[in-house]
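The next block holds one structure in the form of structure tokens; read it before the comments.
The values are calculated or read from the model by the stated rules, or taken from the named source; none is laboratory data. Note that this is a predicted model, so its numbers are computed, not measured. For neighbour counting, all protein chains shown are included, and Cβ atoms are generated from backbone atoms with ideal geometry for every residue, glycine included. Accessible surface is based on the protein model in full, side chains and every heavy atom, while ligands, DNA and RNA are left aside. Shrake-Rupley method; radii C 1.70, N 1.55, O 1.52, S 1.80 Å.
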Amino acid sequence: MQLHNIWCWSWDHCSRIPALKKGLKWEVFGQHLATHVVLKALSANAKVKRPAKPLVMSFHGWTGTGKSFISKIIAKNLYPLEEIRRRFVHQFDAVLHFPHAEHVNRYKEQLQNWIRGNVSACPRSLFIFSEMDQMPHGLIDSILPYLSHHGEIDGVYYGKAIFLFLNNAGGDTITEVALDYWRQQKGREEIPLKDLQSQISQEIFNNRNSGFWQSKLIQRNVVDYFIPFLPLEYTHVRECVRVELRFQGHHEDEDLITEIALAMADYPSNERLYSSKGCKTVASKVNLNI
């Protein structure tokens, strides 16, 4: 039997949770809400031998705040071998894979077949959908049956699969909440997760650019967690710059780190508290200044 088949039917995600916890703690900056929910959700899911439904998490926030980065940490730690990741971690980019709204019916059939085929091959498959704000309207609803509470559908069990949706929609709401707390001289750690999740779900349901506009996935409550990614502050961008310098093999020049981080803190125009691009352009900034 091939390695990937042996892994698929014998792998226990519980054994990878400590490594995931370590990765989230040391590699992610400024996202205490997101890392807390992600770790708690995946830990609980891993302990259940036969979940009633797939784990579904939707990541929301400005570009560069860590949505894609955390999804990669999840994939790397739950599926530690590169060969296993290539086979059982499936990434869909709305712009790349579903570029034409007029072909939405064809995309629906393709998406259903991809998910059905991959989960049939391995129930522990991970599906990551990025650029959800570019998703053709109605497409994501085509996978509703696979995310709901079903024992099996046509002999295929979907409960062990994990679905991650990455969406910029909701980012402005999250940022305004964080900004309000800052103006009230409250720490970002005081922001209540429950209130943010409720606001996010309402906004994306009513937002034509969210990918979840009027979506049955929201109406039927199959999304388990709406996870807010807070805007990154100057101190968080500093750490991103430091890591990038280290990654490129450069000396960690504190003056340079400060210069780049200050230049990237650009929102709002008066306070310049947050980086509107998060850490998205840190690598290019470092290259420009070295």
Please state which of the following conditions residue 208 fails to meet, knowing it meets all the rest: (1) touching a strand residue (DSSP E or B) at 6+ places or on another chain (Cβ under 8 Å); (2) part of a loop (DSSP other than H, G, I, E, B).
(1)
Given 123, 145, which one is surrounded by 17 or more Cβ atoms within 10 Å (Cβ to Cβ) and more than 20 Å from residue 229 (Cα to Cα)?
123
Residues that are open to solvent by 30 Å² or more (accessible area, probe 1.4 Å), of a type outside the set (Asp, Glu) and closer than 18 Å to residue 282 by Cα, drawn from region 27-71:
29, 62, 63, 68, 69
Quick check on region 119-135. Is at least one of its residues within 21 Å of the chain's Cα centre (by Cα), of a type in the set (Phe, Trp, Tyr) and in a helix (DSSP H, G or I)?
no
Look through 238, 272 and report the one residue that is over 21 Å from the mean Cα position of the chain (by Cα), outside the structural domain of residue 32 (by the TED database) and either at pLDDT below 95 or not in a helix (DSSP H, G or I) (or both).
272
Flagged in region 139-156 as in a loop (DSSP other than H, G, I, E, B) and either touching a residue at least 40 places away in the same chain (Cβ under 8 Å) or in contact with a strand residue (DSSP E or B) (Cβ under 9 Å, 6 or more places away or on another chain) (or both), in numbering order, are 139, 148, 149, 150
So which of 193, 217, 230, 288 is of a type in the set (A, V, I, L, M) and either farther than 30 Å from residue 55 by Cα or out of contact with any Leu (no Cβ under 9 Å at 6 or more places or on another chain) (or both)?
288
